[in-house]
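As structure tokens, the structure follows; a few thoughts come after it.
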Amino acid sequence: MAGIVELLPREYGYVVIVLVLYCFLNVFMAIKVGMARRKYKVFYPTLYASESENKDAKLFNCVQRGHQNSLENMPMFFMLMILGGLKHPCISASLGSLYIVCRYFYFTGYSSGIPDNRNKIGKYGSLALLGLLICTISLGYSLLQQPASV
């Protein structure tokens, strides 16, 4: 019986590497949120700062929101990468790399304290997700076209 690695296309390794790179980006963002917590004096368990209690609330909240939004989108990104990469590993890895770059700029733009800065380059991450969605739909379609197994 073949192991799981033998069943996957060789190029699926690129998908795995891109997923790990996203984990590094997530750690980077988490560190930035921790640094912002110390800088703006927003301590756990407070998720967002209140403007009535902290004059730097908006600055902290922009850093926190940039990371939080990335966390909210991470399950969808991972699922689309894992599944779409089964049929289209190189395309998925390329789109995933684009998504990571866009997420970095989304986060750093948001963290500037001017929320609209997140969309300068960060908005193109949606196109990468759309491409990954198409790859995943292609996989589903291909599976449905296979002859029924008995």
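Bear in mind these aren't lab numbers, they're just calculated from the coordinates by the rules spelled out. Everything quoted here is computed from the prediction, not taken from an experiment. Neighbour counts are summed over all protein chains in view; Cβ atoms, including those assigned to glycine, are modelled from backbone coordinates with ideal geometry.
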*What is the Cα radius of gyration of the stretch 10-140 over 2.2 N^0.38 Å, N being its residue count?*
1.16
*Relative to a virtual label point 7 Å from the Cα of K39 in the Cα→beta-carbon direction, which members of the stretch 51-73 show backbone nitrogen distances below 19 Å?*
51, 54-70
*Candidate aspartates and glutamates for bridging to K58, where Cα separation is under 19 Å - those fewer than 8 sequence places away on the same chain excluded*: D116
*Report, in deg cm²/dmol and to the nearest 500, the calculated mean residue ellipticity at 222 nm for the chain, where each DSSP H run with n ≥ 4 adds -39500 (n - 2.57) and the sum is divided by the residue count.*
-25000 deg cm²/dmol
*asked:* Taking the 0 to 90 degree range and rounding to the nearest ten, how far is the long axis of helix 125-145 tilted relative to the main principal axis of the chain, both from C-alpha atoms?
replied: 30
_Between helix 89-111 and the chain, what is the angle of the helix's C-alpha long axis to the longest principal axis, kept within 0 to 90° and rounded to the nearest 10?_
10
_GluC sites (Glu not before Pro) lying in DSSP loop within the stretch 39-107, provided at most 11 other Cβ fall within 10 Å_ = E51, E53
_Least to most buried among C135, C23 (fewest other Cβ within 10 Å first)_ = C23, C135
*Place the peptides 116-122, 100-106 in order of packing, highest mean first, counting for every residue the other Cβ atoms within 10 Å and averaging per peptide.*
100-106, 116-122
*Contour minus end-to-end for S126 and L21, with contour as 0.36 nm per residue of separation and end-to-end as the Cα-Cα distance?*
36.0 nm
*Would you mind computing, in nm to one decimal, how far apart the modelled labels at R10 and A148 are, each placed 7 Å from Cα along Cα→Cβ?*
3.7
*Nearest 10 degrees, 0 to 90: what angle lies between the long axis of helix 12-40 and the longest principal axis of the chain (Cα atoms)?*
10
